[in-house]
Each structure stands twice: as structure tokens, then as C-alpha cells.
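Below is one structure, written out as C-alpha cells; the observations come after it.
The values are calculated or read from the model by the stated rules, or taken from the named source; none is laboratory data. Values in this document were obtained by computation on a predicted structure and should not be read as measured data. Neighbour counts run over all protein chains shown; Cβ positions are idealised from the backbone, glycine included. Just the protein is used for accessible areas: all its heavy atoms, side chains included, with ligands, DNA and RNA removed. Shrake-Rupley method; radii C 1.70, N 1.55, O 1.52, S 1.80 Å.
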Amino acid sequence: HTFRLVKLCATNEQVRWLMRSLVSMEHQDWDGTLDSIRELGGKAAQDWLQNKQSSGFVFEGICWQKSFIPRAIWEAGDSNSNLINIGTVHRDATREGAQCTLLEG
């Protein structure tokens, strides 16, 4: 999902590469990369960055270094991105969980 949205962002390939580099265990220059995206990417990249920063969870979800999840747990999951399985699980959880109370969820 993240890579698809980066690909669709109306900016140049150098900036899209910087955006994709944020998906990592640890990033060597996180703040510098955000600054470069902001400076080199134009309005589209600035909007992309603002959207990710304002969500409050995107960066924590794509970079272990930004999360509070223990590294062993982060690394325990599958490292592939089988979109068919992910989509099916997401759909099933949404369908089954829609009728649950907050406590049941």
C-alpha cells in the first residue's frame, strides 16, 4: 500500500526513492530524509509527508526505529507482502468484527 501511494505521488524519482527508503528497520538519517522530501519534492511530496505525519501512526508502522514494538516481535512476522492473503484477512476481520462490541474486538 505504501509503495503504491509513493509510486502515484506526482514528484520525481529521486524523491520517490527517498520516500521508499523510510520503510526500514532503522534509518540512518530520518530527519534529513524528511527535510529532503520536503525541499525537493514540491507540493505533492509535501502533501504526502504532511498526511503521513498527521496520521500519528504511519511512520511507526513502516519503520521499527520509530515504533515502540520490541524488535523481536517486529521481526517475528512474515517478511513478504502477499497482497491476496493480506486483503483476505483484512476483509474477513472487517466483516466479522463489524458486529462486535468494542470489548469483543
What residues qualify as long-range amide H neighbours of residue 24, i.e. H under 5 Å apart, gap of 5 or more or another chain, H built at 1.01 Å from N?
63, 64
Residue separation times 0.36 nm, minus the C-alpha to C-alpha distance between residue 72 and residue 46: what's the value?
6.0 nm
By average Cβ neighbour count within 10 Å, what is the ranking of 5-16, 25-36 from highest down?
5-16, 25-36
Between residue 4 and residue 39, what is the label-to-label distance in nm when each label sits 7 Å out along the Cα-to-Cβ direction?
3.3
Apply the Karplus parameterisation 6.51 cos²θ - 1.76 cosθ + 1.60, with θ equal to phi minus 60°, to every residue of segment 30-40 and state each ³J(HN,Hα) to the nearest whole Hz, in sequence, with x for glycine and proline.
4, 5, x, 5, 4, 4, 5, 4, 5, 7, 9
With the full set of protein chains in place, find how many percent of the accessible area of segment 26-78 is carbon and sulfur; take the probe as 1.4 Å.
50
